Amino acid sequence: MTSPVIDVHTHVLTEAWFDLLKAHGAPRYTVAEVRGGMRAIHLDGAPFMTPVPPMFDYDLRLATMDRHGVDIGVVSLTCPNVFWGGPEVSLKAARIMNDDMAAARTAHPSRLAWFATLPWQYADLALPELERACKAGASGVMVLANVDGKSLTDPAFERIWAAIDARALPVLVHPTAPPGVGQMDMTRFQLTASIGFTFDTTLAVARMIYDGFLDRHRKLKIIAAHGGGALPYLIARMDQCFHNIPACREKTDVQPTDYLSRIFADAVVFSPGALDLCVKTFGADNVMYGSDYPHTIGDMPGCLARVNALSDGVREKVRGRNAQRIFGF
């Protein structure tokens with residue numbers, strides 16, 4: 001039997017969230033028109049993320065899913081998430097998005113699911129919002145690969161991770177601009193989008209591996225966005241460092257490749273060879289279809305076509321069987 005097609009990596013926005021960002025995101029996050037007439041969110045004065053009309057339109061989203069044969073879409077907020085504006089504003093922004101996604105799920109229960117948004121900078125606010133979102137039907141949690149410059153393994157987030165682990169939730173680790181983009185001259189050519197984002201995810205998951213994080217949180221289902229970033233290409237190098245650099249063994253005695261069976265990846269990569277390497281690295285049971293819809297470089301039909309070209313036995317798992325198992329759909 002053919003599996004349903006489940007897209008685990010899609011994004012939504014609301015005008016209320018956008019208005020809050022415009023009012024409270026400065027000085028780091030500002031909104032200005034860019035070439036072509038669209039409004040773009042700027043980070044430290046450089047274009048960072050471009051909100052596009054489909055992000056605000058569930059009807060258009062569902063019509064696009066129908067056109068391309070996608071059965072279920074898991075929606076989430078994109079970067080810069082709610083990591084700005086202080087505690088009151090950050091919580092308000094998170095609640096706005098969670099309420100919106102919960103309402104969409106209620107309206108279209110067979111078509112949409114959602115990742116909760118949390119004000120990770122403020123654990124005392126994030127914990128009750130996690131409980132509220134789960135009661136409202138969240139299927140998991142989305143977090144950026146760094147929280148306003150802090151690593152996800154920072155002790156400041158330990159209580160939040162423990163609560164998510166207790167619920168055995170999937171967590172989409174989604175990139176944002178890695179710290180230091182200015183020093184690395186990534187604002188030129190918008191290298192943050194092509195290179196910086198993928199290495200933000202890579203650094204976040206590499207820290208989890210070397211930190212022993214996955215030993216402390218054994219029920220978590222970490223989903224590394226965009227095919228796991230550069231991990232498929234670098235995991236053997238991480239092993240080599242583990243065996244030859246004592247600092248890599250400071251908190252774990254497990255080599256990095258041995259953690260891969262506990263890490264998931266989406267199929268948001270843009271060549272068949274990259275997808276093959278992703279599947280080979282994480283395993284056929286640990287890769288799920290995603291599209292990054294509707295970002296400007298998202299590709300719902302292209303990512304699905306590459307998944308559909310996978311070999312028998314792998315194709316159905318990646319199209320939807322793995323997501324059914326991991327999310328409990």
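Listed values, structure above:
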read-out: Qualifying position, being surrounded by 20 or more Cβ atoms within 10 Å (Cβ to Cβ), among the aliphatic types (A, V, I, L, M) and under 20 Å from residue 102 (Cα atoms), among 147, 171; value: 171
read-out: Long-range neighbours under 9 Å by Cβ, at least six apart or interchain, first residue within 13 Å of residue 297 (Cα to Cα) within segment 44-57, second among the hydroxyl-bearing types (Ser, Thr, Tyr) and surrounded by fewer than 17 Cβ atoms within 10 Å (Cβ to Cβ); value: 50/296; 52/296
read-out: Flag if residue 159 is part of a loop (DSSP other than H, G, I, E, B) and of a type in the set (Lys, Arg); value: no
read-out: Among the residues listed as 97, 101, the single one being touching a Leu at 6+ places or on another chain (Cβ under 7 Å) and either more than 26 Å from residue 306 (Cβ to Cβ) or at pLDDT below 95 (or both); value: 97
read-out: Number of the condition not met by residue 207 [criteria: (1) under 30 Å from residue 47 (Cα atoms); (2) free of Cβ contacts under 8 Å to residues at least 12 places away in the same chain; (3) of a type in the set (D, E, K, R)]; value: (2)
read-out: Selected residue (criterion: farthest from residue 148 (Cα to Cα)) from residues of segment 85-110 that are surrounded by 19 or more Cβ atoms within 10 Å (Cβ to Cβ) and in contact (Cβ under 8 Å) with a residue 60 or more places away in the chain; value: 104
read-out: Candidate set: segment 78-99, residues that are of a type in the set (A, V, I, L, M, F, W, C) and part of a helix (DSSP H, G or I); chosen: the one farthest from residue 115 (Cα to Cα); value: 89
read-out: Pairs where the first residue, in segment 236-255, is farther than 11 Å from residue 212 by Cβ and the second is part of a loop (DSSP other than H, G, I, E, B), C-beta under 6 Å, 6+ apart; value: 239/255; 242/255
read-out: Lone unmet requirement of (1) closer than 20 Å to residue 296 by Cα; (2) assigned to a loop (DSSP other than H, G, I, E, B); (3) more than 18 Å from the chain's Cα centre (by Cα); (4) of a type outside the set (Val, Ile, Thr) for residue 13; value: (3)
read-out: Whichever residue in segment 299-328 is of a type in the set (A, V, I, L, M) and not in a helix (DSSP H, G or I) and, among such residues, is surrounded by the most Cβ atoms within 10 Å (Cβ to Cβ); value: 310
read-out: Looking only at segment 177-198, and only at residues there that are surrounded by 19 or more Cβ atoms within 10 Å (Cβ to Cβ) and out of contact with any Pro (no Cβ under 6 Å at 6 or more places or on another chain), the one that is nearest to residue 158 (Cα to Cα); value: 178
read-out: All positions within segment 127-142 that are out of contact with any strand residue (DSSP E or B) (no Cβ under 7 Å at 6 or more places or on another chain) and surrounded by 24 or more Cβ atoms within 10 Å (Cβ to Cβ); value: none
read-out: So residue 75, is it within 23 Å of residue 225 (Cβ to Cβ) and either outside any strand (DSSP E or B) or of a type outside the set (Phe, Trp, Tyr) (or both); value: yes
read-out: Of all residues in segment 214-232 being aliphatic (A, V, I, L, M) and not in a loop (DSSP other than H, G, I, E, B), the one that is farthest from residue 115 (Cα to Cα); value: 231
read-out: Residue among 232, 246, 272 that is touching a helix residue (DSSP H, G or I) at 6+ places or on another chain (Cβ under 8 Å), surrounded by fewer than 22 Cβ atoms within 10 Å (Cβ to Cβ) and either on the phi < 0 side of the Ramachandran plot or not acidic (Asp, Glu) (or both); value: 272
read-out: Segment 260-288, subset charged (D, E, K, R) and not in a helix (DSSP H, G or I), residue nearest to the chain's Cα centre (by Cα); value: 266
read-out: Condition met for residue 3 (part of a helix (DSSP H, G or I) and of a type outside the set (A, V, I, L, M)); value: no
read-out: Among residues of segment 30-60, those that are touching a helix residue (DSSP H, G or I) at 6+ places or on another chain (Cβ under 6 Å) and at pLDDT 90 or above, counted; value: 3
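The values are calculated or read from the model by the stated rules, or taken from the named source; none is laboratory data. These numbers were taken from a predicted model, which means no experiment stands behind them. With ideal geometry, Cβ positions are generated from the backbone for all residues, glycine too; neighbour counts draw on all protein chains shown.
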